[in-house]
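J.: I have a structure I would like to understand better, so I am pasting it below and will then ask my questions one at a time.
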Amino acid sequence: MIMKGKKGLIVGIANNKSIAYGIAKACKAQGAELAFTFLNEQLEKRVRPIASEFESEKVYELDVNNPEHLTELTKSLEKDFGKIDFVVHSVAFAPREALKGGLIDTTRADFDVALGTSVYSLISLTSACMPVMNDGGSILTLSYLGGPKFIPHYNVMGVAKAALESSVRYLAVDCGKRNIRVNAISAGPIKTLSASGIGDFRMILNWNETNSPLGRNVTTDEVGNSGMYLLSDLSSAVTGEVHYVDSGYNAMGMALATKDEEGKTTLAWDLKNK
């Protein structure tokens, strides 16, 4: 098995619909040993059953914005594993108010929360885990097309994802000195807990399905398999990359269109929803 003997930390799993769950599932299927984190008591009730499902008793409390938690995480990982081989960073948050209106309406407080939680957490988590990572290890975070491109209702989270992707490139250089790789997956839209806060998300799902080259949306299992590849030795020369898993939607420059019997140009979206 590809991940046999590998040990890794999954940060930010919320439920079995999470992209992080898909990655954990793929890694476990290939022989990895996993540890998990939870944000608070409410989420602990969700995370512990998932950890049990993956035959793990290693579950740690972690608020990525709490330096003391990060310090304790390093100690716990060293105590329980000695060294680990990979880390999955699946953490993003913006206040609901920041996803309404336009980016211009974002308050300084909401901006700081979104960028601190969604971007700086990758930097601080990487710093906390580096002392306990094996040579040849891998760190993976989750991005979205709303970083490099405009996506309706994504607002400050788009800015955060752009900063996250830039952080991946800079961290790849910092960590490369230790032969640790840092990459991101940019998944297509999936019905997850975090996606529920984005306005008109059903429209975004339908638009991606209609206009992607493969003509469909992606699944957590598909993203999970790609994540497992980036965490495994199969990608030993890949770092600083943003890997798209979105049925090819990122390659499109225009919406798909056709002509009706009268010669009028019609979007594929309109034809599908007649």
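J.: If you go through the range 115-137 one residue at a time, do you hit one that is surrounded by fewer than 18 Cβ atoms within 10 Å (Cβ to Cβ), in contact (Cβ under 8 Å) with a residue 24 or more places away in the chain and among the charged types (D, E, K, R)?
T.: Yes, the range 115-137 contains a residue that is surrounded by fewer than 18 Cβ atoms within 10 Å (Cβ to Cβ), in contact (Cβ under 8 Å) with a residue 24 or more places away in the chain and among the charged types (D, E, K, R).
J.: I would also like to ask the following. Of the residues Ser90, Ser18, Ser76, Ser52, only one is within 16 Å of Thr126 (Cβ to Cβ) and either surrounded by fewer than 17 Cβ atoms within 10 Å (Cβ to Cβ) or not β-branched (Val, Ile, Thr) (or both); which?
T.: Exactly one residue qualifies, and that residue is Ser90.
J.: For the subset of the range 221-239 comprising residues that are out of contact with any Gly (no Cβ under 9 Å at 6 or more places or on another chain) and not in a helix (DSSP H, G or I), which member is nearest to Gly8 (Cα to Cα)?
T.: Ser232
J.: Scanning for something modelled with pLDDT of 95 or more and over 21 Å from the mean Cα position of the chain (by Cα), does the range 83-93 turn up at least one residue?
T.: So far as the range 83-93 goes, yes, one or more of its residues are modelled with pLDDT of 95 or more and over 21 Å from the mean Cα position of the chain (by Cα).
J.: Report the residue count in the range 217-251 for those that are surrounded by fewer than 14 Cβ atoms within 10 Å (Cβ to Cβ) and without any contact (Cβ under 8 Å) to a residue 60 or more places away in the chain.
T.: Result for the range 217-251: 2.
J.: In the set Ile185, Ile180, which member is among the aliphatic types (A, V, I, L, M), in contact (Cβ under 8 Å) with a residue 24 or more places away in the chain and within 17 Å of Gly146 (Cα to Cα)?
T.: Ile185
The values are calculated or read from the model by the stated rules, or taken from the named source; none is laboratory data. Keep in mind it's a predicted model, so treat the numbers as computed, not measured. So basically every Cβ, Gly included, is an ideal-geometry build from the backbone, and we count neighbours across all protein chains shown.
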